[in-house]
Structure formats: C-alpha cells, structure tokens
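Scroll down for the structure; my scribbles are underneath it.
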2 protein chains.
Amino acid sequence: MKAVLITIGDEILSGNTVDTNSNFIANHLKDIGIPVVQIFTISDTLDTIKKTLQTAFEIGDIIITTGGLGPTKDDKTKIAFAEFFNDELVLDDGTFDHLRKLFIKRNREHLLEINRNQAVVLSKAIIFQNENGSAPCQMIEENGKVTICLPGVPYEVKPLIKDKIIPFLKNKFSLNHIESQIISVVNFPESLLALTIEDWELALPNNISLSYLPIGNRVKLRLTATGNDLKELKNQLQQESEKLKPLIGEKVISWNGNEIQEILKELLIEKKLTLSTAESCTGGELTRLITSVSGSSSYFLGGIIPYDYHKKIEILGVSEKTISEKTAVSAEVAQEMSLGSLKLFHTDISLSTTGVSGPNSDEFNNEIGTVFYSIRVKDFEKTNRLFLPHLERNDFANFVSQRVLQDLIEILIQEKF
Amino acid sequence: MKAVLITIGDEILSGNTVDTNSNFIANHLKDIGIPVVQIFTISDTLDTIKKTLQTAFEIGDIIITTGGLGPTKDDKTKIAFAEFFNDELVLDDGTFDHLRKLFIKRNREHLLEINRNQAVVLSKAIIFQNENGSAPCQMIEENGKVTICLPGVPYEVKPLIKDKIIPFLKNKFSLNHIESQIISVVNFPESLLALTIEDWELALPNNISLSYLPIGNRVKLRLTATGNDLKELKNQLQQESEKLKPLIGEKVISWNGNEIQEILKELLIEKKLTLSTAESCTGGELTRLITSVSGSSSYFLGGIIPYDYHKKIEILGVSEKTISEKTAVSAEVAQEMSLGSLKLFHTDISLSTTGVSGPNSDEFNNEIGTVFYSIRVKDFEKTNRLFLPHLERNDFANFVSQRVLQDLIEILIQEKF
C-alpha cells in the first residue's frame with residue numbers, strides 16, 4: 001500500500017508559502033504503515049492536474065491532493081477531477097446544510113449564496129465535512145485505488161487528516177506496521193560514523209532500513225522497520241540498537257527521540273530540574289523551541305528577551321562596565337545574562353544567547369555571525385562561542401537554539417546532574 | 001524559461017523534515033524571472049531519479065535537484081546522473097583541493113580520505129564549490145537545458161543558490177522580469193472579496209495574474225506581472241492597484257507587503273514607536289516573528305515569557321487577586337500583562353497573550369483553545385478573545401501571534417497614532 005501526494009496551487013511553486021501539509025500527511029500515513037513514495041507539487045491548471053493524477057495512479061494506491069478548492073477563479077481542481085473520473089459535479093444537500101450551520105456559527109449567513117458552489121461535489125464522491133472551512137473533503141474509489149481531495153489551508157487539512165482520513169484508511173485496509181527509532185549521535189562526523197558502523201549496517205535485516213539525517217553537529221540515525229507484527233518489529237529495533245552500544249554508545253545523547261526539545265523534556269522531568277532563558281540574538285526562537293513541546297510548563301518557568309542592551313542591564317543585572325569594556329556580544333555578557341536569568345526566574349538551569357545575526361552589524365561593530373552562549377546548571381557554567389556568518393537570520397536563530405539545547409543535554413548526561 | 005525542482009531523499013517523504021529548500025529556490029528564481037512550474041519529491045533510488053529527470057526535461061529548461069549527495073550508502077544521486085547523462089564519475093583535483101582546505105579549517109584533516117568520494121564528480125560538469133559542506137554543486141548543460149545538482153542540507157543549499165547559481169543563471173540567460181505586488185485585505189471573507197473585485201479581475205491585462213492567499217482573517221491578493229520592461233511592469237501594477245482603492249481601500253492594511261511582521265516594521269519606523277511583548281501561551285513565537293525581520297532592534301526593545309503564573313505576578317506585577325478570581329487565562333490578566341510589559345520595557349506599545357494551547361488543559365481547567373490578548377498603544381488598550389480548539393500547539397502559537405500583529409496594524413492605521 002503506497003501513497004502519492006499532490007499539492008495543487010501556485011502558492012508553493014511561487015515560493016510564497018512553505019509546504020507544511022505534505023510533512024503532516026506523510027507523518028500520519030507513516031504511523032499507520034503507509035509510506036509516501038512521491039510528492040508532486042503542481043500548478044492549478046486542468047491539463048497538469050489530470051496528467052499528474054494519471055501518473056499518481058500508476059505508482060500509488062492512495063492518492064491525496066491538497067489545494068485548489070477555494071471559491072475563487074484561480075481554483076480548477078474540482079473540474080479536473082470531474083473530467084478525470086468521467087463524473088459530474090452536483091449540489092450536495094448534506095454539504096450545503098453543513099455549510100449553512102458553519103456560516104450561522106460565524107455570523108456570515110448572508111454569504112451563503114456566494115459560497116453555494118462549495119457544496120457542489122463529484123457525484124460519485126464520499127464526503128467528509130470540513131469543520132474549519134467551506135470546502136469539503138471528497139473521496140473517490142476506483143479500481144481498488146482511493147483518491148482523496150482536500151482543501152489547501154493547513155488549519156483545515158490537519159484536522160481532516162487526523163480525525164477523518166486516517167481513521168477511515170485504518171478501518172478500510174489491513175495494513176503493515178512501520179516502526180521507527182531515531183538514535184541521536186553528537187560530535188561524530190557523518191562520514192566517520194558511517195565507517196564505524198559499516199559492518200553493522202550491512203548486516204541489518206531486509207525489513208529494516210537506515211537513514212542518516214545530519215542537523216548541526218548531531219546526526220540522527222533513523223531505523224525504519226516494516227512488517228505485520230508490531231511487537232516483533234519493536235524487538236528487532238531493540239536488538240539492532242543494542243548492537244550499536246559498544247560501537248558508538250559514548251557519542252549517543254538519545255536512543256529514541258526526534259526533536260532535541262523532546263529529548264530535553266524527558267531528561268528534565270526525570271531529573272526534576274527547572275529551566276529559564278535569557279535570549280538576545282535568538283530573539284525568542286530558543287524559548288519557542290522549548291515551549292513547542294506539550295507539558296513543557298512543568299519544567300520551563302520563563303524567559304526574557306532583553307533585545308535592547310539597556311534592558312540587559314536594567315532587568316538582568318548585566319553590568320554596564322562589562323558591556324562597555326567587552327561589548328554586548330561577549331562571553332562575559334552571556335555569563336552575566338545566564339546568571340541574571342537564574343536569579344530572575346529562580347530555576348535550576350538557565351540558558352543565554354548573545355550575538356549578531358545580520359544582515360547588518362550591531363552598534364558595537366561586532367562581526368556578523370558571532371554568537372556567545374552560556375549554560376548554567378546550578379553552580380556549573382559553560383560558555384561557548386560559535387561563528388556562523390553564512391546563515392540567514394532565521395536559520396541562524398534556529399541553529400543556535402538547537403545547539404544550545406543539544407549542549408545542555410550533553411552536560412546533563414556527562415556531568416551527571 | 002521554466003524551472004523544475006527535484007527533491008531527492010527519504011527525509012521529506014517520510015515526514016521527518018519539512019522541505020524549505022524548494023521555497024527558498026523558488027523565491028530566488030522568481031526574482032530573476034524564472035517561474036518554477038513543478039516540484040518533484042522523490043526517493044533516493046536509481047530508477048526513480050532517472051525517470052524523474054526524463055520527465056523534468058520534458059517540461060522545464062532549468063532542472064535543479066537537491067539532496068542525495070552525502071557520503072553514506074543511502075545516497076544514489078551521482079550514479080543516477082552519470083547513467084542519465086551517459087557520463088563517467090572522475091576525481092576532480094580542484095574539488096579535492098577545496099575539500100582539503102575545508103577540512104583543515106575544521107580540524108578534520110584526518111577524515112579527508114574517507115571523504116575523497118565527495119570530490120568524485122561527473123566529467124562533463126562545471127563545479128561550484130560548496131563553502132559549507134563536503135558535497136560540491138555540479139552543473140551539466142545538454143541540448144540547451146541546464147541541470148544543477150545540489151546537496152540537500154538547507155545551510156549549504158541557500159548560500160550556493162544565492163551566491164553562485166543565481167548570478168550564473170542571470171549572466172547566462174537574458175530573462176523576462178517577474179514583478180509581484182501583495183495587497184493585504186482584512187475582515188473581508190475571500191468569497192465576498194472575489195465578488196467585489198470580479199469585474200476588475202476579469203479586466204486585468206494578460207501578462208498579470210492574480211492569486212488569493214488566505215491566512216487567518218487576512219487575504220493576500222498577489223498580483224504577478226511578467227514582461228521584459230521592469231519599469232513598465234511596475235507602472236502596470238501601480239495602475240491596477242489604484243483601481244482597487246475605491247472598491248476595497250478601507251479593508252486594506254498594506255498595499256505591498258508579504259509577511260505581517262514586515263508590514264509592521266514599516267509602520268513602526270514611520271511612526272517612531274517602540275514595542276515590547278509579554279507572552280504566555282504563544283511561548284516566544286510572537287517575539288520570534290517580530291525579531292525575524294532585519295532591523296527590528298530599532299523598535300523592538302524586549303519581551304518576557306512568564307510561563308509559570310507566579311512569574312506573571314513577580315515580574316510583571318499582575319495581581320494575585322486577579323489570577324485567583326479570574327484565572328491566569330482571562331481578559332483582566334492579559335490587560336495587566338500588557339501594562340506590566342509597557343512599564344518593564346518603557347515602550348510606546350506592548351502586546352500580551354495568555355491562553356491554553358493544549359493538548360492538555362491548564363491548572364485552572366480553562367477550555368483548550370481559549371486565548372486572550374491585549375494591545376496597548378500609549379493610553380489606548382484593546383483586549384480580544386479567540387477560541388481555537390482545533391489548532392495544533394505550534395499552529396496555535398503562530399496563528400495567535402499573526403493575529404495580534406495584524407490587529408495592532410489595524411489599530412495603528414485606524415486610530416491614527
């Protein structure tokens with residue numbers, strides 16, 4: 001059972017919008033054992049849509065399209081579907097009724113007639129109503145293959161996938177399981193890592209595949225096992241990762257975790273430690289990463305972003321002398337910021353960042369790409385410097401934040417807090 | 001001149017990584033007048049790569065691939081290229097020399113032999129050296145079509161595209177210009193908007209296309225004009241947007257801006273106003289959005305994220321009585337937070353958020369999805385409530401943050417600060 005995704009519309013192709021739908025859908029399909037084998041991102045034109053549906057039918061069993069269902073003139077998807085499936089478009093009473101209720105709820109009943117066209121669907125389709133927008137989800141089955149046509153807005157796509165499509169597919173097909181395990185290795189260059197575990201990799205069972213995903217100076221080894229016995233898959237992964245322990249154990253910071261903030265969560269809860277942040281050059285990204293994990297409020301107490309350097313002095317107690325002697329981008333200021341954060345929020349751990357993300361230099365003429373960060377765990381302190389002149393502003397904030405959390409994890413493991 | 005992008009590797013298909021490279025490349029190609037007409041995301045297998053190259057050659061003039069160039073066993077791209085172009089892979093001395101310098105700089109000279117394979121390239125290729133990784137960029141020209149093969153890591157892709165590929169393409173082809181203008185309309189449902197400007201849309205010149213991009217309760221109208229005279233294109237867009245003023249002028253918050261934080265920047269600099277934030281449920285996302293704009297340090301002075309409710313009391317001066325009577329998620333607490341932020345950072349404007357993003361409720365048992373936010377501009381204050389139970393944690397933070405900034409912009413325009 002293989003899936004093909006088709007993203008329709010010019011928003012992605014023009015570079016206006018990053019495609020996050022495909023990532024979400026692929027993740028959820030993977031969880032029920034359906035791999036996505038290809039993604040097509042195409043423009044909203046009749047011929048292209050029909051031609052791509054044809055190709056998708058040749059390589060996949062489940063075809064999921066997103067986008068091209070708006071009420072405006074630039075959306076052609078429904079017509080393309082009708083032509084491709086040799087079907088006609090009809091007004092569906094159930095959908096119109098659903099639309100009416102949605103519009104009453106939003107105090108937009110006067111708009112109903114204009115949006116009547118949104119209740120026009122393929123006559124052969126099974127309809128999944130959309131609780132968050134006016135375009136319903138349509139499902140067509142033909143020659144044992146399933147085609148699902150979704151709107152494009154991520155806020156609408158995600159609940160439809162999670163609450164309606166996944167349960168439907170799970171119920172319809174008896175599927176193979178896919179089980180993954182991600183092992184995080186740090187301070188071990190990818191090529192040397194590959195050489196170190198080469199024999200192990202070559203001896204992996206046929207139903208297990210391995211990928212290397214480098215991110216900063218962490219390499220994620222992803223083991224993916226496929227089969228019909230979930231318990232057996234878990235056993236297999238357990239056995240294979242055990243074999244890795246003597247080879248790379250010392251460089252592993254997590255034996256099963258994807259995002260660095262999730263790995264941190266487990267550690268902090270286990271060790272009952274609280275955390276705070278004082279960010280400058282990361283501008284909120286470090287705190288956003290930490291709080292992106294559900295349940296983070298049990299260990300993350302607060303953060304401050306003293307963007308203007310006077311605020312570093314006034315709120316965090318950084319000394320004016322240090323700033324005038326060393327500038328705001330210095331090891332000393334990073335250290336005073338983390339100390340200030342520890343005191344302000346009364347936490348066990350504090351993290352601070354200060355740097356110049358560019359594209360312009362700061363008022364002290366520090367070199368673009370320079371960062372200092374300080375990590376405090378109770379009485380322990382570590383300062384580090386990075387130089388990342390080639391990174392764009394947002395990548396810079398994310399890279400630094402990921403690195404700070406990764407270093408904190410290493411410290412928590414090595415120093416045995 | 002049309003471009004096709006091919007993203008190679010299982011990271012995207014498996015849902016492990018969001019594809020940000022395509023967005024970056026599409027944006028930069030658009031700037032030099034090359035539209036991306038299709039994106040293929042495929043697995044790293046010989047047959048699929050070769051077949052997709054074939055299809056891409058049929059629809060595009062410039063083909064850009066990313067990914068599949070790592071030193072590990074799961075990468076097959078180079079072999080597929082050699083077979084497709086009927087070429088052979090040879091060790092390139094210049095690339096090996098570049099690699100040596102890179103490894104010396106990183107104190108990894110001992111790894112050079114293992115990575116020797118990264119200097120093996122297609123014999124017909126022109127090489128663009130990669131300053132941030134071990135896989136070079138290769139360019140092959142055949143039958144007037146250009147194929148460019150890039151690594152997959154975004155930190156490596158972006159500088160290669162910006163500093164090497166775009167200048168190369170610009171120099172090589174004399175290209176048409178593409179000029180875009182984005183008009184942001186708020187509080188105007190897409191369907192009603194479409195009806196209101198229908199006659200105008202139908203009368204647009206052939207070389208101008210229109211897209212509707214809804215984001216929250218803002219609709220971005222993107223006008224894209226193509227032609228060989230840049231000045232003339234700008235004139236055309238100017239004329240067409242002038243015609244819209246009597247139709248929808250009152251609902252427009254920006255006549256030319258894409259991201260809400262960029263629109264805000266212009267306003268704040270023009271009006272010489274400073275800004276601070278006090279975030280709870282948005283967890284840093286609001287501040288990250290604001291600081292994602294270069295130059296934001298001239299108006300954004302600082303932010304605080306008092307995640308634990310005791311910190312709202314201790315640092316922001318929210319009253320304990322208000323919290324015990326109204327809970328931390330209430331209009332009153334939002335108002336006291338924005339007041340506290342105004343005082344703490346001494347700014348003209350402050351923004352606050354408090355809510356329950358889920359998936360779990362808070363310690364006060366407030367309903368998941370509830371948010372209050374407060375906007376202060378000097379003596380003016382406005383509080384708003386949103387209810388977003390269907391949004392995932394990160395979407396929730398982003399949606400609320402976008403909305404707060406949008407409301408602030410409306411206030412700055414309407415209240416004439």
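Within the range B:227-240, not a single residue is in contact with a Lys or Arg (Cβ under 8 Å, 6 or more places away or on another chain) and either more than 30 Å from residue B:358 (Cα to Cα) or outside any helix (DSSP H, G or I) (or both).
Run down B:357, B:401 and say which single residue is within 12 Å of another protein chain (Cβ to nearest Cβ) and in contact with a Cys (Cβ under 6 Å, 6 or more places away or on another chain).
Criteria check complete, one pass: B:357.
Scanning the range B:45-74 for residues that are of a type in the set (D, E, K, R), free of Cβ contacts under 8 Å to residues at least 60 places away in the same chain and at the interface with chain A (Cβ under 9 Å from one of its Cβ atoms) turns up just one, B:73.
The set of residues in the range A:101-115 being among the charged types (D, E, K, R) and surrounded by 14 or more Cβ atoms within 10 Å (Cβ to Cβ) consists of A:108 alone. Under the condition of being more than 16 Å from residue B:153 (Cβ to Cβ) and touching a residue at least 24 places away in the same chain (Cβ under 8 Å), the residues counted in the range B:107-124 number 9. Just one residue in the set A:296, A:292, A:241 is among the small types (Gly, Ala, Ser) and either within 20 Å of residue A:385 (Cβ to Cβ) or crowded, with 20+ Cβ neighbours inside 10 Å (or both); that residue is A:296.
Close Cβ contacts (under 6 Å, 6 or more residues apart or on different chains) running from residues in the range B:196-211 that are of a type in the set (Phe, Trp, Tyr) to residues that are outside any helix (DSSP H, G or I) are absent. Please name all residue pairs, on different chains or six or more residues apart, with Cβ atoms under 6 Å, provided the first residue is in the range B:287-304 and is within 7 Å of another protein chain (Cβ to nearest Cβ) and the second residue is polar (S, T, N, Q) and open to solvent by 20 Å² or more (accessible area, probe 1.4 Å). Listed by first residue and then by second, the contacts come to B:292/A:394; B:301/B:274.
Summed over the range A:116-130, residues that are within 25 Å of residue A:169 (Cα to Cα) and either open to solvent by 80 Å² or more (accessible area, probe 1.4 Å) or of a type in the set (Phe, Trp, Tyr) (or both) total 3. In the range B:13-34, which residue that is within 7 Å of chain A (Cβ to nearest Cβ) and touching a residue at least 40 places away in the same chain (Cβ under 8 Å) is surrounded by the fewest Cβ atoms within 10 Å (Cβ to Cβ)? Ranking the qualifying residues of the range B:13-34, first place goes to B:20.
None of A:55, A:48, A:7, A:72 is among the hydroxyl-bearing types (Ser, Thr, Tyr), modelled with pLDDT of 90 or more and closer than 29 Å to residue B:199 by Cβ except A:48. Taken over the range A:88-115, the criterion of being at pLDDT 85 or above and charged (D, E, K, R) is satisfied by A:88, A:92, A:93, A:97, A:100, A:101. Look at (1) assigned by TED's automatic domain parsing to the domain that holds residue A:203; (2) closer than 27 Å to residue B:312 by Cβ; (3) basic (Lys, Arg) and you find that residue A:231 fails only one, number (2).
If we keep just the residues of the range A:42-60 that are of a type in the set (S, T, N, Q) and part of a loop (DSSP other than H, G, I, E, B), which is surrounded by the fewest Cβ atoms within 10 Å (Cβ to Cβ)? Only one residue tops the list, namely A:45.
Hey, does the range A:210-225 have a residue that's outside any strand (DSSP E or B) and open to solvent by 50 Å² or more (accessible area, probe 1.4 Å)? No, the conditions are met nowhere in the range A:210-225. Of the helices (runs of 4 or more DSSP H) lying entirely inside the range A:89-194, the ones with 3 or more residues being more than 9 Å from chain B (Cβ to nearest Cβ) are found at A:93-105, A:166-172. In the range A:137-179, the residue that is nearest to residue A:121 (Cα to Cα) out of those that are surrounded by fewer than 21 Cβ atoms within 10 Å (Cβ to Cβ) and among the polar types (S, T, N, Q) is A:143.
Which ones in the range A:272-306 are under 16 Å from residue A:340 (Cα atoms) and of a type in the set (Asp, Glu)? Of everything in the range A:272-306, just one residue is under 16 Å from residue A:340 (Cα atoms) and of a type in the set (Asp, Glu), namely A:279.
Filtered by the rule that a residue be within 19 Å of the chain's Cα centre (by Cα) and surrounded by fewer than 17 Cβ atoms within 10 Å (Cβ to Cβ), the range A:263-289 gives a lone residue, A:266.
Among residues of the range B:309-326 that are among the small types (Gly, Ala, Ser), those with a Cβ under 6 angstrom from a residue that is part of a helix (DSSP H, G or I) and open to solvent by less than 90 Å² (accessible area, probe 1.4 Å), sequence gap 6+ or separate chain, pair up as B:317/B:340.
Checking the condition in the same structural domain as residue B:124 (by TED's automatic domain parsing), part of a strand (DSSP E or B) and touching a Ser or Thr at 6+ places or on another chain (Cβ under 7 Å), which residue from B:39, B:12 passes?
B:39 is the lone residue from the list that is in the same structural domain as residue B:124 (by TED's automatic domain parsing), part of a strand (DSSP E or B) and touching a Ser or Thr at 6+ places or on another chain (Cβ under 7 Å).
Here residue B:70 clears all of (1) under 30 Å from the mean Cα position of the chain (by Cα); (2) in a loop (DSSP other than H, G, I, E, B); (3) under 30 Å from residue B:175 (Cβ atoms); (4) not hydrophobic (A, V, I, L, M, F, W, C) except the condition numbered (3). Taking the criterion of being closer than 16 Å to residue A:318 by Cβ and in contact (Cβ under 8 Å) with a residue 40 or more places away in the chain, the residues of the range A:364-392 that qualify are A:372, A:374, A:381, A:383.
The values are calculated or read from the model by the stated rules, or taken from the named source; none is laboratory data. Just so we're clear, the structure is a prediction, and the values are computed from it rather than from any experiment. Every residue, glycine as well, gets a Cβ built from its backbone with ideal geometry; the counts of neighbours run over all protein chains shown. Accessible surface is based on the protein model in full, side chains and every heavy atom, while ligands, DNA and RNA are left aside. Shrake-Rupley method; radii C 1.70, N 1.55, O 1.52, S 1.80 Å.
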